[in-house]
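The structure appears right after this line, and notes come after that.
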Amino acid sequence: MIENIVQTYRMKQEKPLCAYIYDLSKLRSHVEALLTTLPENCQLFYAIKANSDETLLKTLAPHVSGFEVASLGEIEKVRSVDQHIPILFGGPGKTYEEIDMAIHHGVTLLHVESFHELNVVNHIAKQREVSVSILLRVNLRRSVPNAKLKMAGVPTQFGIDEKEIPKAISLVNPMPNINLCGFHFHAMSNNIDAMSHAYFVDHCFALSRAWENEFNLDISYMNVGGGIGINYLDIHDQFNWEEFMLVLHKIIEKNKDKNWQILFECGRYITSSCGYYATEVLDIKQNHEQYFCVLRGGSHHLRLPAAWKQNHPFTVVPVEKWSYSFERPELVNTNITVAGELCTPNDVLARDVNITRLRVGDILLFSYAGAYGWSISHHDFLSHPHPDRFYLDQNLQENELLIIKEIRNSFQ
């Protein structure tokens, strides 16, 4: 259905197509499916760093428990959408102003990442004569082995070393303006192994229980972060959410004596599948016995494959329209490298991929582009036009997807 919309839209315009497409009905149904299987004492927050698009935030706000943010700018984006929705505020480099304004904007929980940051939060809380609810972010001594990126279990700038948590707790105790509500364990990114993720949550429970008992704490929250990933290399072998839920329910039951709220702050896993990046083939060429197609777009729009040095999944959307009298370049049953329009050999979205048929003027439709796509890309390198943005939603009467909103690039 997305392919049909792309083809129809391309036929209506003269310039090469380049656009992000977001399926809002798919986003809603996906997040609702996640929520229906979560245990009752679990809350699902959306980490807006994955994609802070305003329309997506407005779509998610009625469904998620709140938003996780990592800057004052993200706090302001959330508050422009909803003045009262709960906010979790994390990140290793918070400025004095950010912490002060986070308290002003009424963040629900502030994730403290160092001894110095704890002192800054306490100082601001005393100045404002308020109590600030915090979680101590823990840098675990062991990592989740199958994750793409590791924030804990290895030397990183994130959180407080697990062995230093007792010291952090002792610092909090004499601070009347600080309310220690629990611990934050975000430790990884893009883990696609459900069982290792379950073991990670179980380990978080064990540590939280031990610290609560040893230091006579009254914990309300345990934040296990996000980190649930997308398998870009094999889109048919994704994180097994159902298996994860089966084990999670058992872990919750094992710890039912603890009346804690378990917080998840997922980003990629929530929005990735609702987004598509569609871009037109401008040229096909051969250099050094290798075939390349060049796109009207590239890593300045979708940076993830270049950043992670991996192929991003795509399909070819054929476009029959050809307005020229000269020959249309075409490849059949050939391996190609998919390159962007930038003046760098690093502008590659997929390498050595077999295509059945590809012509100049066809569209490549990249799936799973709803997270860490446009938001992390170097938009203005070479000053190319930005992609258009289309938002689709379900027409319930006709049971079809329709474009409900368009944002055209500023170069038109």
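In sequence order, the range 255-265 has phi-based couplings of 10, 5, 6, 9, 8, 9, 8, 9, 9, 10, 10 Hz under the Karplus curve 6.51 cos²θ - 1.76 cosθ + 1.60, θ = phi - 60°, and Gly or Pro positions carry x.
Loop-located trypsin sites (Lys or Arg not before Pro) in the range 1-60 (DSSP state other than H, G, I, E, B) with a sparse environment of at most 16 neighbouring Cβ atoms within 10 Å: Lys12. Computing Rg and the Kirkwood Rh from the Cα coordinates of the range 40-121 gives a ratio, Rg/Rh, of 0.97. Based on the convex hull around the alpha carbon atoms, the range 315-362 presents an average projected area of 4.1 nm². Would you please give the residues with an amide H less than 5 Å from that of Phe239, counting only those at least 5 places away or on a separate chain, with H modeled from the backbone geometry? Distant-sequence amide H within range of Phe239: Asn231.
Across the range 235-330 the C-alpha pair distances fall into 10 Å bins from zero in the proportions 10, 28, 24, 17, 11, 7, 3, 0 percent. Once backbone amide H atoms are built at 1.01 Å from N, Ser377 has Arg303 as its partners under 5 Å, excluding neighbours fewer than 5 places away on the same chain. Placing one equal scatterer on every Cα of the chain and applying the Debye formula, the log10 ratio I(q)/I(0) at q = 0.07, 0.12 Å⁻¹ is -0.38, -0.99. Fully extending the segment from Tyr324 to His123, taken as 0.36 nm per residue of separation minus the present Cα-Cα distance, adds 65.5 nm.
Here the Kirkwood formula puts the hydrodynamic radius of the range 86-266 at 17.0 Å, using every distinct Cα pair.
Kirkwood radius for the range 60-192, taken over all pairs of different Cα atoms as the inverse mean of 1/r, rounds to 15.4 Å. So for the range 48-92, what percent of the C-alpha to C-alpha distances run longer than 17 Å? Above the 17 Å cut-off, the range 48-92 has 16 percent of its Cα pairs. Contact order, relative form, for the range 298-412: 31 percent (alpha carbon pairs under 8 Å, 6 or more residues apart, mean separation divided by residue count). Applying D = kT/(6 pi eta Rh) to the range 280-319, where Rh is the Kirkwood radius over alpha-carbon pairs, T corresponds to 20 °C and eta to 1.002 mPa s, the Stokes-Einstein value obtained is 182 µm²/s. Going by alpha carbons, how many degrees (0 to 90, nearest 10) lie between the helix axis of 2-11 and the longest principal axis of the chain? Around 50 degrees separate the two axes. Spin-label pair Leu382-Lys309: with each label point 7 Å from Cα along the Cα-Cβ axis, the two points sit 2.2 nm from one another. Multiplying the residue separation of Ile251 and Glu289 by 0.36 nm and subtracting their alpha-carbon distance yields 8.2 nm. Look at the alpha carbon pairs under 8 Å that are at least 6 residues apart: their mean separation over the length of the range 86-266 gives a relative contact order of 19 percent. Modelled spin labels at Lys167 and Ser131, positioned 7 Å past Cα toward Cβ, are 2.8 nm from each other.
Above 20 Å, the calculated P(r) of the range 1-65 contains 45 percent of its Cα-Cα pairs.
The convex hull built on the alpha-carbon positions of the range 263-412 has an orientation-averaged projected area of 12.0 nm².
FYI, it's all coordinate maths here, none of it is from the lab. Nothing here was measured: the structure is a model prediction, and the numbers come from that model. Reconstructed Cβ throughout: ideal geometry from the backbone, glycine too, with neighbour counts over all protein chains shown.
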